[in-house]
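Step one of this worksheet: look at the structure below.
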Amino acid sequence: MDLNLKGRTAFITGASRGIGRSIAIALAAQGVNLGLFGRDMKRCKDVSAEIQLKHPGLRIAVIEMDVADAAAIKPAVSKAIAELGSVDILVNCAGGAYRGRLADIPDHLWEEYFAVKPLGLIRMTRETMPFLKKSNQGRVIHMSGTRGREPHGVQVMSGPINLGTLSITKAMANEFGPAGITVNAICPGSTDTGRWTELVSIRAKEKNISIVEAEKELTADVPMGRVVKPEDVADLTVFLASARAGMINGCSINVDGGRSRAI
């Protein structure tokens with residue numbers, strides 16, 4: 001299947017680890033040049049070196065940027081464009097949510113996390129859009145989360161952060177579809193990253209059980225019987241970025257093994 005991705009260029013925020021790193025690796029395997037945006041330059045450079053070892057012909061720009069810093073986004077995008085010349089795909093992967101109940105989360109943490117998502121991805125998309133409009137295969141892909149549809153009291157922040165991301169995804173799809181640009185969101189369930197390891201450890205300590213038992217409890221309601229791998233999310237990202245996904249627009253797609261109960 002020809003995905004028509006070879007030679008195209010993708011910008012990825014949160015590219016230094018976890019899902020963002022896996023997306024970078026998966027797109028590189030399709031011949032996509034990369035702008036890797038992240039706060040941790042060492043990790044981003046490590047990802048770049050890993051990719052260039054396998055795909056020495058690709059062009060990769062490593063850009064230091066904190067998505068929460070509004071003033072940093074414009075110069076970071078300008079630097080990436082100067083190094084790579086264009087962009088066809090934007091993957092907004094940076095951001096997460098503080099785990100806790102309402103009474104546990106002070107105002108400054110709400111402000112800190114919302115500055116990254118959805119506000120940071122809005123700014124990143126706005127800054128990148130003039131260049132995406134020059135592409136004949138423009139794609140914007142936001143990482144959201146299943147709590148946007150199914151809020152939970154212990155993860156109260158995840159609900160509004162991810163619901164806001166889903167809402168802006170639909171609005172952007174309506175606005176930029178006429179320019180030939182698709183905008184979609186991916187909603188990963190619990191994913192096997194460093195954060196998942198932390199959550200398993202927290203559950204084990206809270207219930208005084210082993211790590212194996214804690215992980216078994218946390219995946220008990222996943223019909224597929226396992227936690228999501230970053231590569232599972234990356235595979236969908238590659239497809240949504242491809243020529244084959246030209247009429248998928250304004251959608252939010254779960255990658256959670258069927259854990260979510262919402263329709």
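The values are calculated or read from the model by the stated rules, or taken from the named source; none is laboratory data. This one's a predicted model, so the numbers in the text were calculated from it and none came from an experiment. Please note: Cβ atoms are built from the backbone with ideal geometry, for glycine as well, and neighbour counts cover all protein chains shown. Please note that ligands, DNA and RNA were not included when accessible areas were found on the heavy atoms of the full protein model with its side chains. Shrake-Rupley method; radii C 1.70, N 1.55, O 1.52, S 1.80 Å.
Results, tabulated for the structure shown:
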read-out: Residue match in the range 29-45 (condition: out of contact with any Phe, Trp or Tyr (no Cβ under 8 Å at 6 or more places or on another chain), crowded, with 17+ Cβ neighbours inside 10 Å, modelled with pLDDT of 95 or more and closer than 15 Å to Leu236 by Cα); value: yes
read-out: Hits in the range 150-180 (condition: part of a helix (DSSP H, G or I), among the aliphatic types (A, V, I, L, M) and touching a residue at least 24 places away in the same chain (Cβ under 8 Å)); value: Ile161, Leu166, Ile168, Met172, Ala173, Ala179
read-out: Per-region count, the range 192-217, residues among the small types (Gly, Ala, Ser), exposed (fewer than 12 other Cβ atoms within 10 Å of the Cβ) and within 20 Å of Tyr98 (Cβ to Cβ); value: 1
read-out: Given (1) buried (at least 16 other Cβ atoms within 10 Å of the Cβ); (2) in contact with a strand residue (DSSP E or B) (Cβ under 8 Å, 6 or more places away or on another chain), number of the condition Ser86 does not satisfy; value: (1)
read-out: Count of residues meeting criterion [open to solvent by less than 40 Å² (accessible area, probe 1.4 Å) and within 16 Å of Leu5 (Cα to Cα)] in the range 227-263; value: 9
read-out: Only one of Gly35, Gly31 that is under 15 Å from the mean Cα position of the chain (by Cα), closer than 22 Å to Asn136 by Cα and of a type in the set (Gly, Ala, Ser); value: Gly35
read-out: Selection within the range 115-149 - assigned to a loop (DSSP other than H, G, I, E, B) and either farther than 24 Å from Ala234 by Cβ or more than 16 Å from the chain's Cα centre (by Cα) (or both); value: Ala115, Lys133, Lys134, Ser135, Asn136, Gln137, Gly138, Arg149
read-out: Where Lys6 falls short, out of the listed (1) open to solvent by less than 70 Å² (accessible area, probe 1.4 Å); (2) part of a loop (DSSP other than H, G, I, E, B); value: (1)
read-out: Count of residues meeting criterion [part of a helix (DSSP H, G or I) and not hydrophobic (A, V, I, L, M, F, W, C)] in the range 52-105; value: 8
read-out: Some residue of the range 124-140 being over 25 Å from Gly31 (Cα atoms) and open to solvent by 10 Å² or more (accessible area, probe 1.4 Å); value: yes
